[in-house]
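What follows is calculated from the coordinates using simple rules that are stated; it is not laboratory data. Computed from a predicted model, the values in this text were never measured in an experiment. A quick note on method: Cβ atoms are made from the backbone with ideal geometry, for glycine too, and the neighbour counts reach across all protein chains shown.
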Amino acid sequence: MLMIIIMELKINVTQIIKCYLLKYFFKIFFLFLLKCSFFVSMVEAKIIYDFSKVENLDGWYVVDDGVMGGRSKGKLKFENGDTGVFSGKISLENYGGFSSIRYYAGKLNVKKNKYITVILSGDDKYYQLRIRSSRNDRHVYTKKFFAKDGWQEIRIPLDSMEPYFRGQRLRMSNFDKKYISEIGFLIGNKVRENFELKIRSIMLEEDYEL
């Protein structure tokens, strides 16, 4: 009889310990999820430009090959209250062949950022993302990307952007600056073509791991 009572006590104690450990596990897991959620919220993307939150295109301007005597024509228009549409026609006349748009972003500190992310819809053509560290710089840092038809997210590492001046790769390191003052897009594929690139937003993102 005594042995039976002892066995029952052991079973009850074991069950109590299991319940306690299970409750403790779920409590720790719940706190972990809260911590992860808080951490993610703390590293949200830094918005450079969001077309859905503006009413005009102040700060943007078009630069075509007309500055060199070319005949290409590009334009930027506001569409549906949430999209910037960069479109036009590329001509190869007079040694031209490019069109671009630029946005003066002030002085963005990118010391903690690793990527530029763009939400856009393309036309199955190649474009370039271009940035300047200072408006006084004559060179730009650029990265070519393919913009397929349909909305997509283009994520470009800042340190993959190469220095160029008038189409020539410079003997300098890739982008490693603390600031961005200008950002833009260029099309120049050395062919006559019409183009249309739709842009929703441009963001800076950190590199993080949970």
**OP:** Would you please classify the overall shape of segment 46-205 from the alpha carbon gyration tensor, given that a ≥ b ≥ c denote the square roots of the eigenvalues, rounded means a/c under 1.5, and beyond that prolate means a/b larger than b/c while oblate covers the rest?
**Re:** oblate
**OP:** Please identify which residues in segment 115-142 have an amide N closer than 14 Å to a label point set 7 Å out from the Cα of Lys46, following the Cα→Cβ vector.
**Re:** 115-117, 133
Subject >> Amide N proximity, segment 112-136 versus Val63 label position 7 Å along Cα-to-Cβ, cut-off under 12 Å >> reply: 130-136
Subject >> Ala105 long-range amide H proximity, modeled H, under 5 Å >> reply: Glu182, Ile183
Subject >> Among the listed pairs Lys111/Lys198; Lys111/Lys190; Lys53/Lys73; Lys73/Lys112; Lys75/Lys143, those beyond 32 Å (Cα-Cα) >> reply: Lys111/Lys190; Lys73/Lys112
Original post:
At what distance in nm do the modelled label points of Thr117 and Phe78 sit from each other, each positioned 7 Å from its Cα along Cα→Cβ?
Top reply: 2.6
Original post:
In what order do Lys114, Lys125, Lys190 fall by count of nearby beta-carbon atoms within 10 Å, going from fewest to most?
Top reply: Lys190, Lys114, Lys125
Original post:
If each residue's Cβ is checked for other Cβ atoms within 10 Å, how do Leu129, Leu57 rank with the fewest at the top?
Top reply: Leu57, Leu129
